[in-house]
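Enquirer: Structure provided below as structure tokens; questions to follow.
What follows is calculated from the coordinates using simple rules that are stated; it is not laboratory data. The shown structure was predicted, so the numbers you read here are calculated from the model rather than taken from an experiment. So basically every Cβ, Gly included, is an ideal-geometry build from the backbone, and we count neighbours across all protein chains shown.
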Amino acid sequence: MNIEISIRRYDPDTDPEPRWDDYAVPSGDRTTVLEALTYIYEELDPTLAFGSGCRFGSCGLCAVEVNGQPRMACSAGIRNGMKIAPLAGMPVLRDLVIDRVAFFEGLRKLRIFIGEQSESGEPQIVRVPKLHARLAACVECLACNSTCPAYDFDKDPLAGPYLLVKLAQLQLDPRNTIDRRKQAQDLGMSDCTDCRSCYCIRGLDIRRDVLGVLMGDGS
Amino acid sequence: MTHVTRSDVLVIGSGGAGVMAAVEAANAGASVTIISKEPLGYGDTRISLGVMSTSPDTSSGDSEEQFAEDMIRGGEGLNDPKLVRTLVNEALEATATFEAFGHIFDRDHDGRLKRGLVPPGGHRASRTIGSPGAGVSMGHTMRSAAARADLDVLEQTVCSELLVQDGEVVGATALRMPSGEPLALLAKSTVIAAGGAGSLYYPHTDCMPSVTGDSYGLALGAGAELVDMEQVQYLPFGITHPPALLGAPCGEPVVAGPFGRLLNNKGEAVLENIMPMTRAQVARAIVEEIGRGGATEHGGLLLDLRPNLESPQGEFFVKALRKAGAPILSVVRRAYGRKAADLEEPWDVLPTAHYNMGGIKTDEWCRSSVPTLYACGQAQGGVMGGNRLGSTSLTEIFVFGKRAGRTAAREASGRQHADQKLAREPLEKLRALCGSPGTHRPIHLKRALQRLMWERVGPLREATGLEAALAEIEAIEEQARDLQISEIRRCNTEVADAVELPHMLATARAIAVSALARTESRGAHVRSDFPERDDAGPVSNMIVRMRDGECKLRRAVTSE
């Protein structure tokens, strides 16, 4: 059975505005958005650009907006009339591909790492709360930034929930020596209006698990 | 004008091996450029379960000798013992180094490393340590470590070929995907750390699509030797349906538990006592039964875990699986439903391409057969022999990543950069791809090659199929000279496909030639026309290199 979906297309080099293109794609047993995108690229339109990776929900590279909601293309099922767009608020390289380079640069800028450890060749004794593991499982799909109404990539690509997850993780790490709560404040965390729009595809409760760690005074 | 970079060390690939090599080289004082097809750190390491072998726990009677023996027994004698000993001896140091990057493996209540309870198939004792955030947490660590070090990082950059001058590698050419701009990367030492070739078997693979045999294609193009390329690991348990989940990993032998069994389409048990077996042994049993007509309507066999629910010993295992195997159970739930994820219904399973044991032949300091070219991680061959034991690849990437980075940095001093003119022709080739007016779309050739590899050079092989595969590979190579590519500069996936295709073809040829030459079944290489292992003569490694456009093979008796 064929169904119709619309995809937002945009090439900043040649297009004044994004546009919507419609495609008829086959739909079978639990067909996903990623399968539909792959089909379009292979059989209908060689110019379609989209991100994809592991196919099984582990890498976060295929996140797109499906009918206005962030979803992993590899797990979202397709429906007739579906509209697929890049994650809102993210810089588009082309079509559904977003530019992630700023996020690597952000790791440097905000020193998102522990300091050099003196290496004895033996692992250290380290104790972290259970929450650390939940934060460490973030697949970096950027859905949280894309759904935060206060997030503005052009103003500061780092001032959003995604970087706060990393700061909270470091705050819980006994080897961390930088005041991550102050960094969170400097990024504008106190502007958070508690609207709870920030959405985590992996089900992390950003308000409780991330802001909760970063809100304290450090004592 | 072409962009040119000059560094002491060029690292190609940014999974665990590449990042470790780059950071070590930078720490040794070298200027380092690291290129990555995806964002940095987004390789197979990042989608793994994050379970790594560390040093043996001597307090429980395990030893380094026993660990090395397990690897060589599992690898059916094809491993290079020097490389195995290096991995085992340096496993603890590599663990500590990766934790000093920021990672935290599983801990006990006192904050000490906590080894897993149940060893993966083929290990006689547990040496595994898990990552509480699975592989993706290792990805975070790798990105942070790369950010902390002084590296020139080029993300979304795909390497087309190595530059060779007087038999030495002097850098590479690459394409920046976001802009479509070609690059010359001149270097005094070049480290290949671009992973394996799981994508050659798409969709029958659980690897990242970026893993297209670039490591092997680049090395072959520069004249380097590869060893035992026929040894491709198929994880025995992969999902068969729905199509979106075909190839998804649902376990290695340990997942069968003490009482799990494999059933065919008549409900007959075709394999029991699976847990201590190697991945190669279990994958073989599955494909042989399928060859006898035992497959289900979805093309797999049924992994029946129910007997584990019925005994106290099994109960212990079920608990461990729920804890350590959560990502596996979540894939099973999506494919086969809640009852299957609760082990109350059997899973339809088919082997899925997971890892290449074969690879670039190196010494224990990661030097390839070509001066100035180094390899580490899955790119490298000889460590795992004919079968890799579960959890050892994450050890391999760090142990050999460290060594490759250090050696490449040390040996770079005293070398000169080559003239950038050398890059002129490969750069012209790259420029010509965009808008190429020919006949064949690169993605269609890729898909044809992938189907061919699964059908004829997959988990079950025989001479006529391999010969037909070699002829077909040659036909695709011919078609690849006449490509049709759209004219877009930015993020043109077709251009990326066209850059990957020659690497895939070269790797496919190396695998098929080695598989045809190994007239026995050993490790992950199973020949239906030579079902027995040849234990009469000495054990040999299959070594290939490209010469005058031909894939030349020689046999070398294994050392020890």
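Enquirer: With all distinct Cα pairs included, what does the Kirkwood hydrodynamic radius of segment B:165-231 come out to in Å, to one decimal, could you say?
Expert: 13.8
Enquirer: Just the Kirkwood number for the protein assembly as shown, please: inverse of mean 1/r across all distinct Cα pairs, in Å, one decimal.
Expert: Hydrodynamic radius (Kirkwood, Cα only) of the protein assembly as shown equals 26.3 Å.
Enquirer: Would you mind listing how long chain A runs along its three principal axes, going by Cα atoms, in whole Å with the largest first?
Expert: Projected onto its principal axes, the Cα set of chain A covers 59, 37, 30 Å.
Enquirer: Once the Cα atoms of segment A:101-215 are picked out, what are the Rg and Dmax in Å?
Expert: 14.4, 47
Enquirer: On a 0 to 90 degree scale, rounded to 10, what angle separates helix B:442-456 from the longest Cα axis of chain B?
Expert: For helix B:442-456, the angle is close to 40 degrees.
Enquirer: Around residue B:458, which amide H atoms from residues at least 5 apart in sequence, or from another chain, sit under 5 Å from its own amide H, with H modelled in the peptide plane?
Expert: Sorted by chain and number, the residues that satisfy this come to none at all.
Enquirer: Just the number, please: percent antiparallel of the DSSP beta bridges in chain B, rounded to the nearest 5.
Expert: Here the share of antiparallel DSSP bridges comes out near 70 percent.
Enquirer: A further question on this structure: Starting with the highest mean, order B:259-272, B:483-496, B:543-556 by the number of other Cβ atoms within 10 Å, averaged over the residues of each peptide.
Expert: Ranking, from highest mean packing down: B:483-496, B:259-272, B:543-556.
Enquirer: Among the DSSP beta bridges whose two residues both lie in the protein assembly as shown, what percent are antiparallel, rounded to the nearest 5?
Expert: The answer is about 70 percent antiparallel.
Enquirer: Starting from the eigenvalues of the Cα gyration tensor, five times each then square-rooted, give me the equivalent ellipsoid semi-axes of segment A:2-98, largest first, whole Å.
Expert: They are 19, 16, 12 Å, listed largest first.
Enquirer: Taking each residue in A:173-184, count the Cβ atoms of any other chain within 10 Å of its Cβ, then average. What number comes out?
Expert: Mean partner-chain Cβ count within 10 Å for A:173-184: 1.
Enquirer: Let me ask something else. Residue B:382's amide H: which non-local residues (gap 5+, or another chain) put their own amide H closer than 5 Å, with H modeled 1.01 Å from N in plane and none for Pro or chain starts?
Expert: B:359
Enquirer: Measure out, as a whole number of angstrom, how far apart the alpha-carbon centroids of segment B:457-501 and segment A:13-53 sit.
Expert: Each part reduced to its Cα centre gives a spacing of 22 Å.
Enquirer: Right, next: Using the number of other C-beta atoms within 10 angstrom as an exposure proxy, rank B:328, B:511 with the fewest first.
Expert: Going from least to most buried by this count: B:328, B:511.
Enquirer: What's the whole-number percent of alpha carbon pairs in segment B:431-534 lying beyond 24 angstrom?
Expert: I get 33 percent for the Cα pairs in segment B:431-534 exceeding 24 Å.
Enquirer: Let me ask something else about it. Non-local amide H neighbours of residue B:484 (under 5 Å, H modeled in plane, Pro and chain starts lacking H): which ones?
Expert: Here the answer is B:438, B:439, B:440, B:441, since their amide H atoms fall under 5 Å of that of residue B:484.
Enquirer: Let me ask you something else. Give me B:141, A:32, B:464 ranked fewest to most by other Cβ atoms within 10 Å of their Cβ, as a rough exposure proxy.
Expert: Ranked by crowding around the Cβ, least crowded first: B:464, A:32, B:141.
Enquirer: What fraction of the Cα pairs in segment B:198-319, stated in percent, has a spacing above 23 angstrom?
Expert: Of all Cα-Cα pairs in segment B:198-319, 41 percent lie more than 23 Å apart.
Enquirer: For segment A:195-207, what does the Karplus curve 6.51 cos²θ - 1.76 cosθ + 1.60, with θ = phi - 60°, yield as ³J(HN,Hα) per residue in whole Hz, taken in order and with x for Gly and Pro?
Expert: Running phi through 6.51 cos²θ - 1.76 cosθ + 1.60 with θ = phi - 60° gives 7, 6, 7, 4, 10, 10, 4, 8, x, 5, 8, 5, 5 Hz.
Enquirer: Return the aspartates and glutamates within reach of residue A:182: Cα separation strictly under 16 angstrom, same-chain partners fewer than 8 residues apart disregarded; answer none if there are no such residues.
Expert: Straight-distance partners of residue A:182: A:173, A:191, A:217.
Enquirer: Mind checking which of B:243, B:259, B:327 is farthest towards the positive end of segment B:242-351's charge dipole, using Cβ charges of +1 (Lys, Arg) and -1 (Asp, Glu) about the Cα centre?
Expert: B:327
Enquirer: Within 10 Å of each Cβ of B:109-118, how many other protein chain Cβ atoms are there on average?
Expert: 2
Enquirer: What are the extents of the Cα atoms of chain B along their three principal axes, in Å, largest first?
Expert: Largest first, chain B extends 70, 55, 48 Å along its Cα principal axes.
Enquirer: Only residues of segment B:163-184 count here: report those whose backbone N is under 11 Å from the spot 7 Å along Cα→Cβ of residue B:152, or say none.
Expert: Answer for this model: B:184.
Enquirer: Would you mind giving the mean number of other chain beta-carbons within 10 Å of the Cβ of each residue in A:22-35, as a whole number?
Expert: 2
Enquirer: Spelling out what I want: for every residue of segment B:398-415, take phi, set θ = phi - 60°, compute 6.51 cos²θ - 1.76 cosθ + 1.60 (Karplus), and round to whole Hz; glycine and proline get x.
Expert: In residue order, the calculated couplings are 7, 4, 7, x, 4, 5, 5, x, 5, 5, 4, 5, 4, 7, 6, 5, x, 8 Hz.
Enquirer: Continuing with the same structure: Applying a 10 Å radius around every beta-carbon, put B:332-338, A:46-52, B:211-217 in order of their mean neighbour count, most first.
Expert: By packing density, highest mean first, the sequence is B:211-217, A:46-52, B:332-338.
Enquirer: On to the next question. Assuming R0 = 35 Å, can you tell me the calculated FRET efficiency for the pair residue B:272 and residue B:69, based on Cβ-Cβ distance, to the nearest 0.05?
Expert: For residue B:272 and residue B:69, the calculated efficiency is 0.85.
Enquirer: Oh, and also: With 10 angstrom as the radius, rank A:20, B:454, B:347, B:365 by how many other C-beta atoms surround their C-beta, starting from the fewest.
Expert: A:20, B:365, B:454, B:347
Enquirer: Another question, if that's okay. Straight-line reach from residue B:82: which lysines have a Cα under 17 Å away, not including same-chain ones fewer than 8 places off?
Expert: Correct list for residue B:82: B:361, B:402.
Enquirer: Nearest 10 degrees is fine. How inclined is helix B:81-100 to the longest principal axis of chain B, computing both from alpha carbons?
Expert: Computed tilt is about 90 degrees.
Enquirer: Let me ask something additional. Provide the per-residue ³J(HN,Hα) series for segment B:29-34, in order, calculated from phi with Karplus coefficients 6.51, -1.76, 1.60 and θ = phi - 60°, each as a whole number of Hz, with x at glycine and proline positions.
Expert: x, 7, 7, 10, 10, 10
Enquirer: Further question on the same structure: Note the angle between two axes, namely the Cα long axis of helix B:134-148 and the longest principal axis of the Cα atoms of chain B, as a number of degrees from 0 to 90, rounded to the nearest 10.
Expert: 30
Enquirer: Sticking with the crude label model, points 7 Å out along Cα→Cβ, report the distance from residue A:152 to residue B:165 in nm, one decimal please.
Expert: 5.0
Enquirer: Can you grab the distance from the C-alpha centre of segment B:297-316 to the C-alpha centre of segment B:181-201, Å, no decimals?
Expert: Distance between centres, Cα-based: 42 Å.
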